[in-house]
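A.B. asks: Mind having a look at this structure? Questions to follow.
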Amino acid sequence: MQQRNLSYALLIETGSHAGMVLPLTGDTFTMGREIDNSLVLDSPKLSRYHARIRISPAGTVLLEDLDSTNGTFINGYLLSGVRRLHIGDAFSLAGTIRLRLVEDESTKEFAPPEQWTVPAVEPVRYPMSGSAASPTESETWIAPALAPALNPATTGDTLASAPIARKSRLPYIVIGVLLMALCATLGLAVYLWFAPTNVWQIIFQNLGLPFPGA
């Protein structure tokens with residue numbers, strides 16, 4: 001019997017785990033919502049057993065939709081039945097996550113983790129009727145969910161905008177103070193202009209100056 005000499009893996013291309021590579025170490029790899037799938041995807045758009053990958057001893061990779069509700073799409077086309085996958089082919093499950101078949105060169109050096117889980121992204125709606133099918137038993141992968149990263153550019157812009165706003169009010173404060181001082185000076189000048197003679201006498205007396213006409 002001919003033995004395959006090529007190792008395969010699935011590259012996740014969408015979602016928070018984009019770039020993650022999942023080695024296909026067995027002959028069967030199932031995907032869906034049930035915990036006993038090889039790849040567990042927690043999305044209501046996916047069926048319990050959504051799709052399955054089978055690898056023959058000769059290395060032929062076959063993708064099969066397990067009568068899922070919202071379908072499996074390969075290279076943008078709805079999959080019906082079984083389709084052979086080649087290196088570089090991409091497929092999506094109900095529009096929630098896109099994966100690509102790639103060659104895995106790391107399986108001889110690194111053992112795969114025990115479990116992986118991948119959160120689903122917003123789905124593209126392609127409703128299809130159907131029922132769930134049970135997969136062949138396989139090792140289980142569940143990936144840990146990652147917390148959303150902050151946007152450093154947005155955060156920096158928000159923090160920098162506060163001192164700019166405070167500086168922009170400074171000219172108005174200075175103008176207000178100057179106007180108040182000007183009003184006070186004008187008020188004092190008007191008062192002194194119309195002040196009685198005895199007020200001027202007191203002012204000249206305090207200044208030590210002779211009062212005119214005295």
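A.B. asks: Rounded to the nearest 0.05, what FRET efficiency do residue 78 and residue 6 have when you use their Cβ-Cβ distance and R0 = 35 Å?
C.D. replies: Details: r = 28 Å, r/R0 = 0.79.
Given R0 = 35 Å and the Cβ-Cβ separation, E is 0.80.
A.B. asks: For residue 182 and residue 13, compute 0.36 nm times the residue count separating them, minus their Cα-Cα distance, and round to one decimal in nm. Walk me through the numbers on the way to the answer.
C.D. replies: Values: separation 169, 0.36 × 169 = 60.84 nm, distance 6.90 nm.
Length difference between fully extended and current span is 53.9 nm.
A.B. asks: What is the pair-distance distribution P(r) of segment 8-103, computed from all Cα-Cα distances in 10 Å bins starting at 0, with each bin given as a whole percent?
C.D. replies: 17, 56, 26, 1
A.B. asks: On a full-extension model of 0.36 nm per residue, what is the gain between residue 189 and residue 205, subtracting their alpha-carbon distance, rounded to one decimal in nm?
C.D. replies: Values: separation 16, 0.36 × 16 = 5.76 nm, distance 1.91 nm.
My answer for the length gained is 3.9 nm.
A.B. asks: Shifting gears a bit: Expressed in nm to one decimal, what extension gain is obtained for the pair residue 56 and residue 90 from 0.36 nm per residue of sequence separation less their Cα-Cα distance? Walk me through the numbers on the way to the answer.
C.D. replies: Values: separation 34, 0.36 × 34 = 12.24 nm, distance 1.94 nm.
Gain on extension, residue 56 to residue 90, equals 10.3 nm.
A.B. asks: Which whole-number percentage describes the relative contact order of segment 8-103, with Cα contacts under 8 Å and a sequence gap of 6 or more? Intermediate values should be presented prior to the final figure.
C.D. replies: Details: 215 pairs, mean separation 25.1, N = 96.
Once normalised by length, the contact order is 26 percent.
Each value in this text was obtained by applying a stated rule to the coordinates, not by laboratory testing. Remember, predicted model here, so these are calculated numbers, not experimental data. Glycine gets a Cβ as well: all are built from the backbone with ideal geometry, and neighbour counts include every protein chain shown.
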